[in-house]
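These notes are about the structure you will find just below.
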Amino acid sequence: MANGFTKKSVGTLTLGEKLKKLRGDKRISLGDVSRYTKIQVAYLEYLEEGDYDSLPADVYVRGFLRSYADFLGVDERILIRLYDKEKGIKKNLDKEKISGLKEKKPIDISSFVFTPQKIIVSGVVLVVLLGLFFLYREVDSFASAPSLVILSPDNNSEVQGNSVYVKGVTEKEAALFINGQPILVGGDGRFGENLTLQAGLNNISVKSVNKFKKEAVKNIIVKSNYVDNAPADQNGTQGNPSNNNGSAENSSMQGVQIELRVDPGPVWLSVETDGNLAFSGTMLSGSVQSFKAQDKIVISSGRGNATFVKLNGQDMGTLSREAVAVREVTFTKDTKVEAIPNDSAKADTASVKGTATEKKKRN
């Protein structure tokens with residue numbers, strides 16, 4: 001032969017074992033055999049593993065064996081005879097296996113068959129279960145208080161200024177109140193509100209009420225280190241109006257300065273300075289806020305008779321005589337102020353001349 005191998009007989013092993021042994025003795029890889037014989041490596045592996053079902057037709061397999069035998073230097077008739085023998089044995093075993101399976105009693109996996117009636121019944125059962133599930137949720141909501149979590153501020157915390165931002169999460173359909181003041185709740189149940197504090201300790205009560213009138217209440221205490229050094233007059237407002245006429249005129253020429261005080265609180269307030277939103281939130285009872293502007297300050301209040309105003313150091317009294325919401329009360333640097341009576345009973349009768357106007361009121 002061209003490869004120099006000498007033909008010889010092999011012992012009584014299976015075809016695959018003989019091929020492996022002969023190849024192993026000569027230290028030949030399947031890749032070497034494939035390159036010489038032009039047989040795919042996969043077919044060579046099937047021959048050596050005895051996986052005859054994965055091989056092509058017999059005529060091709062016999063051709064493979066002739067090329068393989070020639071390469072290994074063995075008698076091709078021996079390899080083909082072993083192949084035919086083992087193929088026949090396997091065929092007989094497969095026939096016996098099939099015959100045995102036919103004699104076995106078929107396994108009845110399931111006698112259940114879908115019918116229109118069964119589909120309808122299944123649908124009704126599903127609807128009933130869903131109804132019970134939603135009923136359970138409603139009963140559970142009725143029996144339990146709404147969830148309420150305060151994210152900030154922490155209880156017994158301190159702030160340096162006179163304001164704090166209260167935020168948290170509750171049920172999205174719940175009504176929320178901070179110190180009795182209604183607060184808007186977002187679609188995801190989150191809420192947030194600016195609170196103006198009085199100096200010292202402030203008790204902030206957050207209450208959530210669900211549609212079944214069940215309540216959850218969280219109380220937090222916040223200490224404000226804010227200090228207002230201005231003295232209080234007889235009406236409880238900061239500063240002395242009788243001594244501020246000159247300073248009021250100077251401040252008026254320089255711009256607009258407003259000091260707001262809430263009593264009793266809480267009261268929701270919105271303040272715009274020169275067209276920009278400077279504050280929107282809730283002021284607690286006794287808290288004070290100051291604002292400055294070049295041209296004008298516009299104030300809206302949720303309760304006019306509890307909102308005291310001081311314009312350029314001069315006491316203006318309250319925004320309204322009645323406990324109503326007032327909108328867009330405007331103060332400008334040209335505003336004139338009449339003398340304010342000293343008795344508290346008339347403290348809210350102060351009138352603003354010039355461009356100060358109470359544009360809207362809402363009961």
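Taken together, the values in this text are just the output of simple stated rules run on the coordinates, not laboratory data. Predicted, not measured: the structure shown is a model, and the values here were computed from it. Cβ sites come from the backbone with ideal geometry, for glycine too, and all protein chains shown count toward neighbours.
Computed quantities for the displayed model
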{"item": "Across 167/310; 218/333; 213/292; 223/310; 223/333, pairs whose alpha-carbon gap is larger than 32 Å", "result": "218/333; 213/292; 223/333"}
{"item": "Other-chain or far-sequence residues with amide H under 5 Å of residue 286's (modelled H)", "result": "262, 263, 265"}
{"item": "Using a Förster distance of 41 Å, the FRET efficiency for residue 280-residue 132 (Cβ separation, nearest 0.05)", "result": "0.35"}
{"item": "Whole-Hz couplings from phi, Karplus 6.51/-1.76/1.60, listed for segment 306-314; x for Gly and Pro", "result": "10, 10, 9, 10, 10, 9, 6, x, 9"}
{"item": "Magnitude of the charge dipole, segment 15-103, Cβ model with Lys/Arg +1 and Asp/Glu -1, debye to 20", "result": "200"}
{"item": "Net dipole in debye of segment 148-224 [+1 Lys, Arg Cβ; -1 Asp, Glu Cβ; about Cα centre; nearest 20]", "result": "200"}
{"item": "Mean-position separation - Cα centroids, segment 55-97 and segment 181-232, in angstrom", "result": "92"}
{"item": "Whole-Hz ³J(HN,Hα) from phi, Karplus 6.51 cos²θ - 1.76 cosθ + 1.60, for segment 45-55, glycine and proline x", "result": "5, 4, 4, 6, 8, x, 8, 6, 5, 8, 8"}
{"item": "Residues in segment 160-204 reached by a label modelled at residue 154 [backbone nitrogen below 15 Å; 7 Å Cα→Cβ]", "result": "160"}
{"item": "Order of 126, 19 - criterion: other Cβ atoms within 10 Å of each residue's Cβ, fewest first", "result": "126, 19"}
{"item": "Efficiency of FRET between residue 212 and residue 172 - r from beta-carbon atoms, R0 22 angstrom, step 0.05", "result": "0.90"}
{"item": "Per-residue HN-Hα couplings for segment 82-87 [Karplus 6.51, -1.76, 1.60; θ = phi - 60°; Hz; x = Gly/Pro]", "result": "4, 4, 4, 5, 5, 5"}
